[in-house]
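Report on the following structure.
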Amino acid sequence: VQLQASGGGLVQAGGSLRLSCTISGRTFDNRFMGWFRQAPGKAREFVAAINWSSSNTYYAASVKGRFTISRDKAKNMVYLQMNSLRPEDTAFYYCATGRMILSSVRNAEEYVHWGQGTLVTVSS
């Protein structure tokens, strides 16, 4: 499985960006797709996840209501629509995938495959 994230860039506070994650390789039933982020000098943190089969979604409290994760099975793509961006959203964003139980979707250690990061910079 190979993942490639794209769509990062520079945006003003209050603006929007859409990140994309291209997935190649094995099929993804019973998997979760997740987005994580890591700001300079900070630990990696969970942002959002989606169950590939059911499309049920899960969010960190800090982004709920502003970010939306979605997937396109036909295109093998996962998206992260980010609205009302804030300077504190500045980070490298990573997509990842793995099989896990629902209670573990926020744990980065449960994700086996990772894409390279895409940088999101939000100016104030």
Report summary line: In whole percent, the fraction of accessible protein surface over the chain that belongs to carbon or sulfur atoms, probe radius 1.4 Å, stands at 46 percent
Requested in this report: Determine the sum of side-chain charges near SER16: Lys and Arg each +1, Asp and Glu each -1, restricted to other residues whose C-beta is under 13 angstrom from that of SER16.
Outcome: +2
**Report entry** Point-charge dipole on Cβ atoms (K/R +1, D/E -1) for segment 14-72, about Cα centre, debye to 20
**Finding:** 160 debye
Report task. With N set to the residue count of segment 69-124, report its C-alpha Rg divided by 2.2 N^0.38 Å to two decimal places. Result -> 1.31
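Where does the charge balance sit around GLU88 when Lys and Arg score +1, Asp and Glu -1, over other residues with C-beta under 12 Å from its C-beta?
So the surrounding residues net to +2.
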Query raised in the report: Does a label point 7 Å from the Cα of ALA39, set along Cα-to-beta-carbon, have any residues of segment 97-123 with amide nitrogen under 16 Å, and which are they?
Result: 119-123
Query raised in the report: Sorted by average packing, counted as other Cβ atoms within 10 angstrom per residue and highest first, what order do 97-103, 37-43 take?
Result: 97-103, 37-43
Query raised in the report: Binning every alpha carbon pair distance of segment 16-90 at 5 Å from zero, what are the percents per bin?
Result: 3, 15, 27, 24, 17, 9, 5, 0
Requested in this report: Could you check which residue among GLY25, GLY15, GLY65 shows the biggest mean-square fluctuation in a GNM of the chain with a 10 Å Cα cutoff?
Outcome: GLY25
Report summary line: Expected vector for segment 100-107, Karplus 3J(HN,Hα) from phi with 6.51, -1.76, 1.60 and θ = phi - 60°, integer Hz, x for Gly and Pro, equals 6, 7, 4, 5, 9, 5, 8, 9
**Report entry** Assigned charges on the beta-carbon of Lys, Arg, Asp, Glu; the chain dipole about Cα centre (debye)
**Finding:** 160 debye
Query - Separation between Cα centres of segment 64-124 and segment 31-50, rounded to whole Å - result: 6 Å
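The values are calculated or read from the model by the stated rules, or taken from the named source; none is laboratory data. A quick note: this is a predicted structure, and the numbers were derived from the prediction, not measured. Ideal geometry is used to build each Cβ from the backbone, glycine not excepted, and the neighbour counts take in all protein chains shown. Surface areas here come from the heavy atoms of the whole protein model, side chains and all, with no ligands, DNA or RNA. Shrake-Rupley method; radii C 1.70, N 1.55, O 1.52, S 1.80 Å.
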